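Following: one structure in structure tokens, then a few remarks.
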Amino acid sequence: MDHVSTIEATKAVVTLDVPLPGIIWGWMITLNMWAKSIGTGVILVGAYLLYRHKKEDMPNLRWMMPLISFIALNVFLLFTLLDLHQPLRMVNIFFHPHWTSAITVGAWMASLFTGLVTLMLAIGLLDAFPEVGRHLGIAKTIRGKTALYEKVFPFVVFLAFPVTMYTAIIMAEASARELWAAPAEVIQMLLAAFMVGSASFILIAGKWSESVRKDLSWILMLSVLFSFLMYMGEYFFSFKASEVEATLAYVHSGGEYFVQFWSAMIMGYIIPFFIAFSSLKNENRTMMRFAAVLTFIGLYLAKSTWLEIPQMLSLS
């Protein structure tokens, strides 16, 4: 909030920054980041599975992957737009772009990424359900477009990395928010994508081969492990940065954020790790689906905690 006054003698404009009380980036931004992790994560994990396994081992992957991504990305874009105070100004990012802005670059990449995912979804659906193409009278148009799917996919995978990570750069640019450190947040967002990407596929992998499901267990186990270790490193060893320590005091001292943070760690990280680890030897599909659901819930709670507690400190 800015208070602006004009000094008549010099006509100079004096701006006084006044800290805004309360949480400005709330549940909408949490949902934004959570959905973005799903939208990019299924592409990254799907690319790994397609590289490692035959298409026949994952019969519905080629259309389910872009479908899940398409839905999640549109949730991400919708809540990004709703959070803006004047959403119509969003068009200026495209008609009057400033390429030094992480928001501008991210918006262009996310829009291109969503467009290519939409193209992949259309091809994948019409390839999987040719009767739909015949009913719509476009069967001949779609025939042979599988090659286009293969050509577009590498660009989608390439874009998935910066799209899932660029929000970390935006957060790191915030003044006096040392908990949002760029290197750590970039890795956390990448790990989050692999967490919910693998969790998404675990929920739909009933007819997939055992080797594919085992790979999904590995990805989920390792991603929650490394993400958990990073959180613990910041939680217990933040004493060298006074601002970070003051921020984490909202968790250390007990209360609402203490419960939310440790609920996130237990549900989204610790329990899924042990379930996935045990599933490597003795697969239990029901328990793996349970672990996947907990991963979604835990990631949302962790993102919410990490987003909100730095905003509790006054900037004045």
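Numbers for the structure displayed
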{"read-out": "Flag for LEU16 being modelled with pLDDT under 75, in a helix (DSSP H, G or I), surrounded by fewer than 10 Cβ atoms within 10 Å (Cβ to Cβ) and among the aliphatic types (A, V, I, L, M)", "value": "no"}
{"read-out": "Looking only at region 261-270, and only at residues there that are aromatic (Phe, Trp, Tyr) and in contact with a Ser or Thr (Cβ under 9 Å, 6 or more places away or on another chain), the one that is modelled with the lowest pLDDT", "value": "PHE261"}
{"read-out": "Count of residues meeting criterion [of a type outside the set (S, T, N, Q), in a loop (DSSP other than H, G, I, E, B) and farther than 19 Å from PHE296 by Cβ] in region 172-213", "value": "10"}
{"read-out": "Among residues of region 26-48, those that are more than 26 Å from LEU81 (Cβ to Cβ) and either among the β-branched types (Val, Ile, Thr) or in contact with a helix residue (DSSP H, G or I) (Cβ under 6 Å, 6 or more places away or on another chain) (or both), counted", "value": "3"}
{"read-out": "Extreme residue, modelled with the lowest pLDDT, among residues of region 236-260 that are surrounded by 15 or more Cβ atoms within 10 Å (Cβ to Cβ) and of a type in the set (Ser, Thr, Tyr)", "value": "SER238"}
{"read-out": "Where a residue in region 89-104 is within 23 Å of ALA168 (Cβ to Cβ) and its partner, wherever it lies, is of a type in the set (A, V, I, L, M, F, W, C) and in a loop (DSSP other than H, G, I, E, B), with Cβ under 7 Å and at least six apart", "value": "MET90/LEU84"}
{"read-out": "Where a residue in region 144-172 is within 19 Å of TRP306 (Cβ to Cβ) and its partner, wherever it lies, is assigned to a helix (DSSP H, G or I) and acidic (Asp, Glu), with Cβ under 7 Å and at least six apart", "value": "ALA168/GLU185; MET171/GLU185; ALA172/GLU185"}
{"read-out": "Looking only at region 37-67, and only at residues there that are closer than 15 Å to THR118 by Cα and within 19 Å of the chain's Cα centre (by Cα), the one that is surrounded by the most Cβ atoms within 10 Å (Cβ to Cβ)", "value": "THR40"}
{"read-out": "Residue that is at pLDDT below 70 and of a type in the set (D, E, K, R), where the choices are LYS145, LYS151", "value": "LYS145"}
{"read-out": "Flag if ALA47 is closer than 20 Å to GLN188 by Cβ, among the aliphatic types (A, V, I, L, M) and assigned to a helix (DSSP H, G or I)", "value": "no"}
{"read-out": "Scope region 287-314; condition of a type in the set (Gly, Ala, Ser) and at pLDDT 95 or above; matching residues", "value": "ALA291, ALA292, GLY298"}
{"read-out": "Residues of region 202-235 satisfying the condition of being modelled with pLDDT under 90, more than 17 Å from TYR48 (Cβ to Cβ) and of a type in the set (Gly, Ala, Ser)", "value": "GLY206, GLY233"}
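Residue-wise test of (1) modelled with pLDDT under 90; (2) outside any helix (DSSP H, G or I); (3) more than 18 Å from the chain's Cα centre (by Cα).
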| residue | (1), (2), (3) |
| --- | --- |
| THR100 | yes, yes, yes |
| VAL105 | yes, no, no |
| ALA110 | yes, no, no |
| VAL117 | no, no, no |
| LEU126 | yes, no, yes |
| VAL132 | yes, no, yes |
| ALA160 | no, no, no |
| ILE170 | yes, no, no |
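The values are calculated or read from the model by the stated rules, or taken from the named source; none is laboratory data. As the structure is a computational prediction, the values presented were derived from the model and not from experiment. We place every Cβ from the backbone using ideal geometry, glycine too, and count neighbours over all the protein chains shown.
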